[in-house]
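Please read the structure below before turning to the comments.
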Amino acid sequence: MLEGKVDSISAADWHVSELDMQLELTDAGLSGRLHIARIELPAAGLDLADTRIDCEGILLTATRFTCERGVLDANLPGIGRHRIAVQFTYERRTGTTHITLPQLPVAGSNVRVRASVDDTTSTVHFDGEALQLEALVELANAFGAGLDDLTAAGQAAVSGTLETRGDGSLKMSLNAQLLDASLANPAGTAVTDALRGDLAFTALLAQTAWQIDASVTADRGEAYFEPVYANLSEHAIELRVTGMTTADFVTFRIPQFHVEQQSLMTLDGKIAVTLPGDDTALALDGRIEFTDTSVAAVYSSLLQVLAAGTILGDLETAGRVSGALTLADSTVTAANIKLNDVALDDRQRRFAVYGLHGRIDWPGTGAEAADTLPSHLAWDSAAAFGIVLGGATLDARLGGNDLELLKPLRIPTMGGALTINRLAMQNYGSDEARGLLDAQLEPIQLGQLTSAFDWPAFSGSLSGQLPTLHYEGNAMTVGGRLTASAFDGDIEVENLRLEQPFGRVPRLYADLRLRNLDLERITSTFSFGLIQGRLSGDVTGLELVDWRPVAMDLHLYTPPDDPSRHRISQRAVENLASVGGGGAAAALSSGLLKFFEVFAYDRIGLRCVLVDGTCAMSGAGAAGDGPSGRGYYIVKGSGLPRIDVIGYRNRVSWQSLVNQLANITKSEGPVVK
């Protein structure tokens, strides 16, 4: 028997301590035993204690030492202590040791391992089938992969190489076929479910930083890497990353990437990604280029997360798009986009646009509008806050947070059109935003306008000039008096102010003056009943919140000295009486009045002071006490035949009043026999 002992052996990237060796010549041949107290591989972060090798069939020559049939008893990182078959050869000339483990138990299966170790380099090749991903993650962490918090399930077939070098660097390569792979980090920002695909990557650890090239192809399952989501069962995906670097597996710098998902998107670019932490949000910085890409795919997988909390945060989308986006801290800072048959429909029903095509050129916040190319957009139809808009063409110049209209924009709507002659915005999207608008309104149908705001229907048309409108401090104000013509009369709006126009809850303030409107035109086209004469009115202190009145003093009345003919039908009398809680039906259904269809009147008046959802009601003057209490004239009769309509309802819910007026206009009305 030959025995020997070595206290230590060192090479550039490994170190062995307390090596004991025994060789024995028997009738069966040369056999031996080897015990190593400690094996250190600093570059791989490995420290192996108490390793034993028993070997039969040793071949010993002048240049080579070979163990053909060996048994390794070792505590392996991530695997535990096992006794497994081993073969190895030591070449004296080169100082290289070759080791083969035919069946290394790993992750619920077996892996074939081949390793080579010399004075400067150690290289390990491995391959295996049906490995459990959860156990593979644990094994990867034993080699310092930094995946301690990653949860995993599923299977994989893998092959790859692990190489350590004398300079302390570590190189890894891996090819894997994944089956039903489910992976997730604790923050939920990187998740896969039932994934099937192929993974290939090479990673080099030099000093303290990793450099990684990777590619992924997958055709089944789902994947979410914030802010990108993909259903791979519907559309297979291919991803390539070249030259990615990271020092902490939190911040990744990717100088080149390519993403292609069948028929949906093709993305290229460079980007830096910082994953969210306990006190930090996801950060994306870089440039993304896309060609012939589905708008729905880009929006749902990327832009929706970036637009969360804005007016663009909840859209249904369609169409194709190409171009480029520049991102800084997860915010789009520049865009060059071509649109083809795009549809954007806000699920909150604030706006929509269909058949949108053209070009958007926005060079970013550091550029002036005068230095950029014009943007051109055209659309087939659109909507804003329930108002249907027709097709139009827009030419504008964008720069920084500024916008300037290059030529008048005419938008057909409600049987007429809105023409914007001038529009300019500065610092849009900031607290310093300001702008101006000059526009005019071609005659639009009032019925369509009131229907859009869910107000009682009116007939006739509305037209007018919109004086220069200023936007500043997140509010719009009109620099003058807005005038319009409707129902053969005049409408004026003063003190118009719109706050938070692009927010979730717009708030509008205004005062209105109605002068000499033709009542017959107002009442002739809907089911209220015929009234002849003129009508004036004042609406002071009007306040709308989310386009619904919450405060106002509304006063409608017959103009003083109105020379027109004053006549009112039975149906109009009955409906006005029901609004004020008064009574005229009894008089109409009995006596001489039942033979008349139209009555004369002196004046009409109705007033609502709206506070906290309730109207304080009054009319054309006090009518004295009656069986229902103190009343007020809604219609004060005159001549023959004459009838008075007196209201006794002093307080009315605004919503009830609106509902009642809406029901009146839909009903067939009373019939007097």
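The values are calculated or read from the model by the stated rules, or taken from the named source; none is laboratory data. Keep in mind it's a predicted model, so treat the numbers as computed, not measured. When we count neighbours, we look across all protein chains shown, and the Cβ atoms used for this are built from the backbone with ideal geometry, even at glycine. Keep in mind that these areas ignore ligands, DNA and RNA; they rest on the heavy atoms of the full protein, side chains included. Shrake-Rupley method; radii C 1.70, N 1.55, O 1.52, S 1.80 Å.
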* Structure fact -> Only helices counted: for the chain, with every DSSP H run of 4 or more residues adding -39500 (n - 2.57) and the sum spread over all residues, [θ] at 222 nm is -2000 deg cm²/dmol
* What is the extension gain from Arg548 to Arg515, computed as 0.36 nm multiplied by their sequence separation minus the C-alpha to C-alpha distance, in nm to one decimal? -> 9.5 nm
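Which loop-located trypsin sites (Lys or Arg not before Pro) does region 264-343 contain, where loop means any DSSP state but H, G, I, E or B and the Cβ has at most 16 other Cβ atoms within 10 Å? Walk me through the numbers on the way to the answer.
Values: sites: Lys270, Arg287, Arg320, Lys338; in loops: none.
Loop-located and lightly packed - none at all.
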* Asked: Any idea what Rg and Dmax come out to for region 163-300 if you just take the C-alpha atoms, in Å?
  -> 15.6, 51
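Quick one: pull the percent of accessible area on the chain belonging to carbon and sulfur, 1.4 Å probe, ligands and nucleic acids left out. Working shown, then result.
Details: 17830 of 33770 Å².
That fraction is 53 percent.
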* Simple spin-label estimate for Leu436 and Asp278 in nanometres, 7 Å along Cα-Cβ -> 5.4
* **For region 184-224, diffusion coefficient by Stokes-Einstein and Kirkwood Rh (Cα), 37 °C, 0.692 mPa s, µm²/s** => 271
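So what's the convex hull volume per residue for the Cα atoms of the chain, in Å³? Spell out each step's value before the answer.
Values: hull volume 134.9 nm³, N = 673.
So the per-residue Cα hull volume is 200 Å³.
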* Asked: Which one of Ser215, Leu199, Ser485 has its Cα pushed farthest toward the positive end of the charge dipole of the chain, where Lys and Arg give +1 and Asp and Glu give -1 at the Cβ?
  -> Ser485
* **Spin-label model distance (nm) - Ala328 vs Ser638, 7 Å beyond Cα toward Cβ** => 7.0
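Figure the gain on full extension for Asp602 and Asp180 (residue separation times 0.36 nm, minus the Cα-Cα span) and round it to one decimal in nm. The partial results should precede the final answer.
Numbers: separation 422, 0.36 × 422 = 151.92 nm, distance 8.40 nm.
Gain in length upon complete extension: 143.5 nm.
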* Structure fact -> Longest principal axis of the chain (C-alpha) makes with the long axis of helix 570-580 (C-alpha) an angle, in degrees to the nearest 10, of 60
* **Share of pairwise Cα separations in region 16-84, more than 13 Å, in percent** => 69
* Structure fact -> Filtered pair list for the chain (Lys only, Cα < 21 Å, 8 or more apart or interchain) has a length of 4
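Above 21 Å lies some portion of the pair distances; for region 1-127, what is it as a whole percent of all C-alpha pairs?
Summing the P(r) tail past 21 Å for region 1-127 gives 39 percent.
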* Structure fact -> Tilt, helix 133-142 to longest principal axis of the chain (alpha-carbon atoms), in degrees rounded to tens, equals 60
* Cα→Cβ-extended label distance, 7 Å offset, between Arg410 and Arg83, nm -> 9.5
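What ratio of Cα Rg to 2.2 N^0.38 Å holds for region 313-422?
Values: Rg = 14.6 Å, N = 110, 2.2 N^0.38 = 13.1 Å.
Here the answer is 1.11, to two decimals.
Please return the longest range in the chain lying between exposed loop sites, taking GluC sites (Glu not before Pro), DSSP loop only, at most 14 other beta-carbon atoms within 10 Å, and leaving the sites out. Provide the component values of the computation, followed by the final result.
Working: sites that count: Glu234, Glu368, Glu432, Glu597, Glu668.
Longest stretch, sites excluded: 1-233.
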* **Solvent exposure of region 60-148 as accessible area per residue, Å², 1.4 Å probe** => 53
* **Linear extension gain, Ala662 paired with Ser524, 0.36 nm per residue minus alpha-carbon span** => 48.1 nm
* the chain: relative contact order in percent, alpha carbon pairs under 8 Å with at least 6 residues between -> 4
* Structure fact -> Taking the alpha-carbon centre of each part, the distance from region 51-77 to region 289-339 in Å is 61
* Asked: FRET efficiency for Thr468 and Thr151, Cβ-Cβ distance as r, R0 = 56 Å, nearest 0.05?
  -> 0.40
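Based on the alpha carbons, how large is the Rg to Rh ratio for region 269-364 when Rh follows Kirkwood?
Details: Rg = 13.8 Å, Rh = 14.1 Å.
Value, to two decimals: 0.98.
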